[in-house]
1. Set the Förster distance to 25 Å, then compute FRET efficiency between residue 146 and residue 110 from the Cβ-Cβ distance, nearest 0.05.
2. What FRET efficiency comes out for the pair residue 222/residue 55, r = Cβ-Cβ distance, R0 = 45 Å, nearest 0.05?
3. Could you check which residue among 193, 169, 252 shows the biggest mean-square fluctuation in a GNM of the chain with a 10 Å Cα cutoff?
4. If you build a Gaussian network model of the chain, linking Cα atoms that sit under 10 Å apart, which residue out of 94, 160, 331 swings the most?
5. So which residue, out of 101, 184, 334, gets the largest mean-square fluctuation from a GNM of the chain using Cα contacts under 10 Å as springs?
6. Ordered by packing density, taken as the mean number of other Cβ atoms within 10 Å over each peptide's residues, highest first, how do 305-314, 218-227 rank?
7. Provide the percentage of antiparallel DSSP beta bridges, counting only those with both residues in the chain; round to the nearest 5.
8. For each of 102, 120, count neighbouring Cβ atoms within 10 Å of the residue's Cβ, then give the residues from fewest to most.
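Since every read-out is calculated from the coordinates, none of them should be taken as a lab result. This one's a predicted model, so the numbers in the text were calculated from it and none came from an experiment. Don't worry about glycine lacking a Cβ; one is built from the backbone with ideal geometry, like all the others, and counts go over all protein chains shown.
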């Protein structure tokens, strides 16, 4: 891969004020005490790199170079964990592309970070099978990275809300993603979603953290093998939005890398169709990255419940007028993604429980 030049600062993008606060007030639950929301970091918390181009790995690399010194300092001596989004182990459009992982690995190499793990608990079947299908094993060999199946690692019990019985339910979650001594990179994708409108950098970490038993597959798997991921969905559209917010303080990326080279629209996160977009978004503030990605997808931000909840709780910057975008201009790269067929049903999170 050729080393491209870094992007340059292009000033501030000033658009709409933070939306959704009123909608959030329509349905509230107390935050879990163990997951109290920390304030967002001031330094670089509102900067997002947006890069466009015709090479997936290249635009990821160039976006990361916008914050080269800041990322190196944030990593320090911690182990780097790249968490791809492999909701499917055999449909490339639904999973993080090897090209986006290559751009990240090339960047980490350029700043001298070699203690790198590519870690996942794939949703639909054996993690390492998916890694092989998508070519991650070749990348690991090229860059000296370690491949890790989170289903085979230690777990910690974390609790999430279920809207059907209003009780907390225990979930086996990966200690690798919970460990503050690891620097977590979310290698996410632009995808619409059938429960929360859009899935980006935060959801990739939270729903990837619950583990599943060996032999589990969506179909034809080992009898009795369990998958804890559905428990984060909270048994409904309200439950999943609340859980993503409540779990975010402990399970969020330290660096968001969102691949929009080829996005997914319609009935994501698995059954959607491709969008030729050719952009990449990077930030040390995951919420700012997700906010910019939502804008680029032509999605009304006020409709994405969990992102509005997180913004109201101060988990990052959700106000587009306060996000400095480095590189390309948002307005030049907006593509309106078709939303899931059940979008209207998803909007129940905006209504009061009695409505």
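1. 0.85
2. For R0 = 45 Å, the calculated efficiency reads 0.65.
3. Maximum fluctuation in the GNM of the chain, among the listed residues, is at 169.
4. In the Gaussian network model the winner is 331.
5. Residue with maximal mean-square fluctuation among 101, 184, 334: 334.
6. Going by the mean number of other Cβ atoms within 10 Å, highest first, we get 305-314, 218-227.
7. 55
8. Ordered from fewest to most neighbouring Cβ atoms within 10 Å, 102, 120 come out as 102, 120.
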